[in-house]
Amino acid sequence: MIREAPSGAFLDSKARAHFDIALNYSPFSDEVKTLKSRALVGLKQYQEAMTIASDLLRKDSDNLDALYVRGVCMNMTGNTASALKHFKNILQLDPDNSEARIQLKKANQFESRKKEGNDAFQEGKFDDAINIYTDVLQIDPLNDVLNSTIYNNRAAAYMKLKKFKEAKDDATKSIEADPTNLKAIIRRANCYLSLEQYEEAVRDFEKAHEVDPENRDIESNLRDAKLKLKKSQRKDYYKILDISEKADDEDIKKAYKRMALKWHPDKNNDSEESRAAAEVKFKEVGEAFGVLSDPQKSEESRAAAEVKFKEVGEAFGVLSDPQK
């Protein structure tokens, strides 16, 4: 096998440029083609690297370098089963091949530990699943596609524990590792809904809809997210005072005193940021009390809430009725 590159290492864009020049002079050099395929793997250009390796294998099915590059490309693009076959084939031909042995061990460990995490998840042991998935992410840090799945799985476990911020962060890492991971995009959108970040939820559902425009569940979720966004843009004075819409005048007064004390700027003076945020909340509390303690304004607020509830209800009826 070719040993110009360190064991298991792949080369960069400068190396690729040199190999392109070399192939201009020696277009039939299998050695240069093999080294170029390694450089392509280092650049994460797996399809082109696999094409070169496949061409070499058509000429010689026992070309260990080509088998190795092809196996790595398959593993990096999520085809672990085929990658394992390639590494085992190499070790049958060359039992002392350290590169193939390392990759085989890594791939087997990844699959085994991932299954442990999935089993823990299915058994409802979500904390255990999170810990196992965290360990799995250390096995092959450069494998974006496989790690995207693990980040998404860990996000699912966090959601089961209602840790939506952590779930959202993991779904984001999953998408960064593999922007085509539709499950991660949908999961992050649902996290945003739980966090009441409706604009972000709408944006992710729109992205999911672009990927799979025929998916009716995505289309329904997108419409629901848009309705929630529209509703959130209207001030809910009852929510600001943390009271029911059935609250009477005495309840409103008590709630106002409680929330005014909670958000008084002098009570939130730890930093400039916390004081500024408290000033905004304090102003909203005063505005809410001013509206709800005024019979006419209060009735207008109740009426607006009823209209909005009716709009949401009618829209839900349309979405849930396949005939509409």
Please state which of the following conditions LYS262 fails to meet, knowing it meets all the rest: (1) at pLDDT below 90; (2) open to solvent by 70 Å² or more (accessible area, probe 1.4 Å).
(1)
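Do you know which of the residues in region 168-191 that are of a type in the set (Asp, Glu) and open to solvent by less than 40 Å² (accessible area, probe 1.4 Å) is modelled with the highest pLDDT? I'd like the intermediate steps shown before the answer.
Of region 168-191, the ones of a type in the set (Asp, Glu) are 169-170, 176, 178.
Subset that is open to solvent by less than 40 Å² (accessible area, probe 1.4 Å): 170, 178.
Working: ASP170: 98, ASP178: 93.
So the residue we want is ASP170.
Any chance region 81-88 includes a residue that's under 23 Å from ASN153 (Cα atoms), touching a residue at least 12 places away in the same chain (Cβ under 8 Å) and either of a type in the set (Asp, Glu) or surrounded by 14 or more Cβ atoms within 10 Å (Cβ to Cβ) (or both)?
At the first step, the residues of region 81-88 found to be under 23 Å from ASN153 (Cα atoms) are 81-84.
If we keep only those that are touching a residue at least 12 places away in the same chain (Cβ under 8 Å) too, we end up with 83-84.
Applying the additional criterion that residues be either of a type in the set (Asp, Glu) or surrounded by 14 or more Cβ atoms within 10 Å (Cβ to Cβ) (or both) yields 83-84.
Within region 81-88, one or more residues are under 23 Å from ASN153 (Cα atoms), touching a residue at least 12 places away in the same chain (Cβ under 8 Å) and either of a type in the set (Asp, Glu) or surrounded by 14 or more Cβ atoms within 10 Å (Cβ to Cβ) (or both).
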Considering only region 12-48, state which residues are open to solvent by 30 Å² or more (accessible area, probe 1.4 Å), among the aliphatic types (A, V, I, L, M) and modelled with pLDDT of 60 or more.
ALA17, LEU43
Going by the conditions given, is GLU219 more than 28 Å from LYS44 (Cβ to Cβ) and in a helix (DSSP H, G or I)?
yes
Extreme residue, farthest from the chain's Cα centre (by Cα), among residues of region 61-80 that are more than 14 Å from ASN143 (Cβ to Cβ) and open to solvent by less than 70 Å² (accessible area, probe 1.4 Å):
ASN63
Could you tell me how many of the residues in region 102-123 are open to solvent by 40 Å² or more (accessible area, probe 1.4 Å) and touching a residue at least 12 places away in the same chain (Cβ under 8 Å)?
10
Within region 135-167, which residues are part of a helix (DSSP H, G or I), among the hydrophobic types (A, V, I, L, M, F, W, C) and either surrounded by 20 or more Cβ atoms within 10 Å (Cβ to Cβ) or free of Cβ contacts under 8 Å to residues at least 60 places away in the same chain (or both)?
VAL136, LEU146, ILE150, ALA155, ALA156, ALA157, MET159, PHE164, ALA167
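The values are calculated or read from the model by the stated rules, or taken from the named source; none is laboratory data. Remember, predicted model here, so these are calculated numbers, not experimental data. Glycine gets a Cβ as well: all are built from the backbone with ideal geometry, and neighbour counts include every protein chain shown. Areas reflect the complete protein model, heavy atoms only, side chains present, ligands, DNA and RNA absent. Shrake-Rupley method; radii C 1.70, N 1.55, O 1.52, S 1.80 Å.
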